[in-house]
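The values are calculated or read from the model by the stated rules, or taken from the named source; none is laboratory data. All values derive from a computational prediction rather than experimental measurement. Methodologically, a virtual Cβ is constructed for each residue, glycine included, from the backbone with ideal geometry; neighbour enumeration extends over all protein chains shown.
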Amino acid sequence: MSSQLRTLAFFFIGAALIIAASLFSVSGFSKSVATVDGEKISKDEFKKALSLRVGMHKARGVSVGDDALKRAVLNDFIDNILILKEAKKRGVSVSDNEVNGIVESIKKGAPAGEFEKQLKDQNLPYADFVKRVRNDMIVEKFERSLVGMDSVTDDDLKRFYDSGYKPVTSPERTQLRLIEFKAREDAERVTEDMKKKSIPFDRMAETLKNRKDGSIIVSFSGWVQSDVFSPQVAEAIRGIRKGGYGGPIQGKDGWYIIKVEDRKEAAVASFEESKDQLKVIALEQKQRAALQRWIENQRASAKITINEKAM
């Protein structure tokens, strides 16, 4: 699924993300923000897309100036009108079955009733949503047509691999044992006692594991990835040497003394193991670059008129 289609999918599972800028022009409006080779971009559709883009940035906590956002949305409209016009000329299309498959996957990915709610909230008729999905798919298919798979050579892949992109086959993992405390004071008292009396972690764990009041819990967590913890806890764990312990460390539900029993570094795929994955990524990069060059050439020859006051 293309990035545009993923954006559509994310929007319709309730995230405050932009639906890709409307990919069809509306000729029945007297007021327009721009025309592209005679095709109008209506003020109504422009404002609707702009509002969605603002929502996206707010959801991500990104601050962008009004003028920059307006220009970005307008550029999306212009680019997609040019692409769809050329795609039609070249006979690039998608079948109803292909479109329906994507629409159904978006609907299934949403909580019950959320898809319909978002259509209603955005005042977007279902037929218009389907049309936008179709146009996104045509844009993606047109982009793929600009650069073929055979354009990616082994030399391209090797340069890509050597530049630092090395797929991870298994992430870094740490084998942990935990003593969890409900109260910070208990965690500090036990930690101080271990240090003063040189009590090993395992001996203290054996002493505490039979507590019945639930204020102290001894557990063996086994192998875990650091991303299961908060960034603060993960950083603290990384600072503990193998065989050693650290704490008290504040977690979500209490305080911890943590022993690092073992570590396994992330396993990186070899070049040969990575080739298929690298080829997909390298091809997508070439296709995006080719599309951008194509758009720049088309813009140079297209007749584009912008109504700044209407924006």
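For the stretch 284-303, check the following and say yes or no: at least one residue is exposed (fewer than 12 other Cβ atoms within 10 Å of the Cβ), of a type in the set (Lys, Arg) and touching a residue at least 12 places away in the same chain (Cβ under 8 Å). Yes, the stretch 284-303 contains at least one residue that is exposed (fewer than 12 other Cβ atoms within 10 Å of the Cβ), of a type in the set (Lys, Arg) and touching a residue at least 12 places away in the same chain (Cβ under 8 Å). In the stretch 86-104, the condition of being under 19 Å from residue 296 (Cα atoms), surrounded by 12 or more Cβ atoms within 10 Å (Cβ to Cβ) and in contact (Cβ under 8 Å) with a residue 24 or more places away in the chain is met by at least one residue. Somewhere in the stretch 210-226, is a residue under 14 Å from residue 173 (Cα atoms) and assigned to a loop (DSSP other than H, G, I, E, B)? Checked the stretch 210-226: at least one residue is under 14 Å from residue 173 (Cα atoms) and assigned to a loop (DSSP other than H, G, I, E, B). Among the conditions (1) assigned by TED's automatic domain parsing to the domain that holds residue 225; (2) modelled with pLDDT of 90 or more, the only one that residue 254 does not satisfy is (2).
Against the definition (more than 23 Å from the chain's Cα centre (by Cα) and either surrounded by fewer than 15 Cβ atoms within 10 Å (Cβ to Cβ) or free of Cβ contacts under 8 Å to residues at least 12 places away in the same chain (or both)), how does residue 177 come out, yes or no? No. Listed by first and then second residue, the pairs linking a residue in the stretch 264-280 that is in contact (Cβ under 8 Å) with a residue 24 or more places away in the chain and closer than 30 Å to residue 241 by Cα to a residue that is of a type outside the set (Val, Ile, Thr) and assigned to a loop (DSSP other than H, G, I, E, B), with Cβ atoms under 7 Å apart and 6 or more places separating them unless they lie on different chains, are 264/172; 265/172; 266/171; 266/172; 268/166; 269/166; 269/167.
Scanning the stretch 114-139 for residues that are surrounded by fewer than 18 Cβ atoms within 10 Å (Cβ to Cβ) and basic (Lys, Arg) gives 117, 120, 131. When the stretch 212-242 is limited to residues that are over 34 Å from the mean Cα position of the chain (by Cα) and loosely packed, with under 12 Cβ neighbours inside 10 Å, the one that is nearest to residue 178 (Cα to Cα) turns out to be 214. Checked against the criterion of being out of contact with any Gly (no Cβ under 8 Å at 6 or more places or on another chain), in the same structural domain as residue 179 (by TED's automatic domain parsing) and either under 30 Å from residue 151 (Cα atoms) or charged (D, E, K, R) (or both), the stretch 284-305 contains not a single residue that satisfies it. When residue 266 is tested against (1) buried (at least 17 other Cβ atoms within 10 Å of the Cβ); (2) modelled with pLDDT under 90; (3) within 24 Å of residue 172 (Cβ to Cβ), only condition (1) is not met.
The number of residues in the stretch 233-272 being assigned to a helix (DSSP H, G or I) and in contact with a strand residue (DSSP E or B) (Cβ under 7 Å, 6 or more places away or on another chain) comes to 3.
Evaluate the stretch 181-196: report whether one residue or more is outside any helix (DSSP H, G or I), among the charged types (D, E, K, R), exposed (fewer than 12 other Cβ atoms within 10 Å of the Cβ) and touching a residue at least 24 places away in the same chain (Cβ under 8 Å). Taking every residue of the stretch 181-196 in turn, none turns out to be outside any helix (DSSP H, G or I), among the charged types (D, E, K, R), exposed (fewer than 12 other Cβ atoms within 10 Å of the Cβ) and touching a residue at least 24 places away in the same chain (Cβ under 8 Å).
Kindly evaluate residue 246 against the criterion of being in the same structural domain as residue 208 (by TED's automatic domain parsing) and modelled with pLDDT under 85. Here the answer is no, as residue 246 does not meet what is asked.
The combined condition, being of a type in the set (D, E, K, R) and touching a Phe, Trp or Tyr at 6+ places or on another chain (Cβ under 7 Å), is not fulfilled by residue 196. The residue that is surrounded by the fewest Cβ atoms within 10 Å (Cβ to Cβ), among those in the stretch 152-166 that are in contact with a Leu (Cβ under 8 Å, 6 or more places away or on another chain) and in a loop (DSSP other than H, G, I, E, B), is 165.
With respect to the conditions (1) over 26 Å from residue 296 (Cβ atoms); (2) aliphatic (A, V, I, L, M); (3) touching a residue at least 12 places away in the same chain (Cβ under 8 Å), residue 137 lacks only one, and its number is (1).
Picking from residues in the stretch 140-151 that are touching a residue at least 40 places away in the same chain (Cβ under 8 Å) and farther than 30 Å from residue 115 by Cβ, the one that is surrounded by the fewest Cβ atoms within 10 Å (Cβ to Cβ) is 149.
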